[in-house]
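Data block below; observations after.
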């Protein structure tokens, strides 16, 4: 009985040592691969400005949708935007994109600066463009619908 | 305790007098003493403007270049259409556009033009479609107490945008070493706005920067694919609509292929919302392409409009008349 107790004690000790050894294992510091920025989905405008003036409450943006899906984009309930027709899109760098290019079907590619911050735990997409006069600059901040 | 300060009454007065005199003499850096300019001109003509200046050069420092800023409509393209020369006791010379890379010392990283706009705004004008065009002298001067009085001669080609215009031209001078600052030696700048200047003979709309307008469209320059914000200001003058709190837009678009599209209904689409409970300003922001339901391939070149009451029978047009307000869609 006493031996069994000793063996149990030994086992217990070995488990403890094993755990401690495991905890001392050096952490892998291999560079993590930056996740590809996946912007596919339905996006809706949550903030819009024109030359710095807030338009969010002055115009109904609630129905406008920008949808990205497998290299293509589509617009629903259109509003002034970088492009007027549906087409293809591309990011300049899928890991660290800072530019997005829209190519409307039958049109020329147009690019714009693109930021992709996480605000309050949610991805946002911020695009600036001039659909009318070049001096009038708009910024739309999008958030994914249903998130 | 024994005092080491011995000032007799007479000496005290002398010290005080010297301090006061010093302050008076030290007062003020660059000053605009007057501006001579015509009161009217025709579109595309070149006008002569003389800015009289006085620089006491109090204090020490420099050498600094003199800076001149002229406030004018953006559409005049002031940088291309203005030349400035000067005559001074230190010699004559020219002033040229300050390059955008040459930032003012105390401008917090802004360009000279932006620094002027931030400090002096629109200097009494009401439409934010103006710019300060900055010039600097080819020669510099030191601040050593030598008073410099001189004249800046400006030749300005007005109305490059072809618009008839009413505008208060503004002027400011300072020096590159100080900018829009003051210290013990005085104030190193001087700003002067002139009465309303009129440009006539143009083919474009009248752009009135001077007088409050019944309606204002923001941005001042836009196309049918912009969002435009139209504001009716009921405070400017009493109109047949005074007392109504439900106002609507009644507008007609003219397209590039000579068609007209009228939207004159009293619905949510055309309703102008009061900006705040008692502002008496009514506003509607819309996308002209959608508002007039313009098909692809057509563009709107011009819009005529009235503001109406809920029944649509009482309407107010340009200058509180029954002629419509006119807005041309263009970028220049």
For this session: Would you mind stating whether residue B:220 is within 26 Å of residue B:320 (Cα to Cα), within 16 Å of the chain's Cα centre (by Cα) and within 14 Å of chain A (Cβ to nearest Cβ)?
Result: yes
Problem set entry | region B:277-297: number of residues that are assigned to a loop (DSSP other than H, G, I, E, B) and either within 13 Å of chain A (Cβ to nearest Cβ) or under 10 Å from residue B:248 (Cβ atoms) (or both) | 6
Problem set entry | residue A:62 being outside any loop (DSSP other than H, G, I, E, B) and either surrounded by fewer than 17 Cβ atoms within 10 Å (Cβ to Cβ) or within 11 Å of another protein chain (Cβ to nearest Cβ) (or both) | no
For this session: Scan region B:277-286 and give yes if some residue there is at pLDDT 95 or above and closer than 16 Å to residue B:329 by Cβ, otherwise no.
Result: yes
Seminar exercise, completed: Among B:199, B:207, the single one that is under 30 Å from residue A:138 (Cα atoms) and either part of a strand (DSSP E or B) or not assigned by TED's automatic domain parsing to the domain that holds residue B:288 (or both) is B:207
Seminar exercise, completed: Of (1) touching a residue at least 40 places away in the same chain (Cβ under 8 Å); (2) over 18 Å from residue B:330 (Cα atoms); (3) within 14 Å of chain A (Cβ to nearest Cβ), residue B:228 fails just (2)
Problem set entry | Matching residues in region A:39-58 - criterion: being assigned to a strand (DSSP E or B) and more than 9 Å from chain B (Cβ to nearest Cβ) | A:41, A:42, A:43, A:44, A:45, A:46, A:47, A:49, A:54
Exercise. In contact with a strand residue (DSSP E or B) (Cβ under 9 Å, 6 or more places away or on another chain), within 14 Å of another protein chain (Cβ to nearest Cβ), assigned to a loop (DSSP other than H, G, I, E, B) and surrounded by fewer than 18 Cβ atoms within 10 Å (Cβ to Cβ): does that describe residue A:107?
Worked result: yes
Problem set entry | Unmet requirement for residue B:115, which otherwise passes all of (1) on the phi < 0 side of the Ramachandran plot; (2) surrounded by 18 or more Cβ atoms within 10 Å (Cβ to Cβ); (3) in contact with a strand residue (DSSP E or B) (Cβ under 8 Å, 6 or more places away or on another chain) | (3)
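The values are calculated or read from the model by the stated rules, or taken from the named source; none is laboratory data. Just so it is clear, the structure is predicted and the values come from calculations on it, not from any experiment. Please note: Cβ atoms are built from the backbone with ideal geometry, for glycine as well, and neighbour counts cover all protein chains shown.
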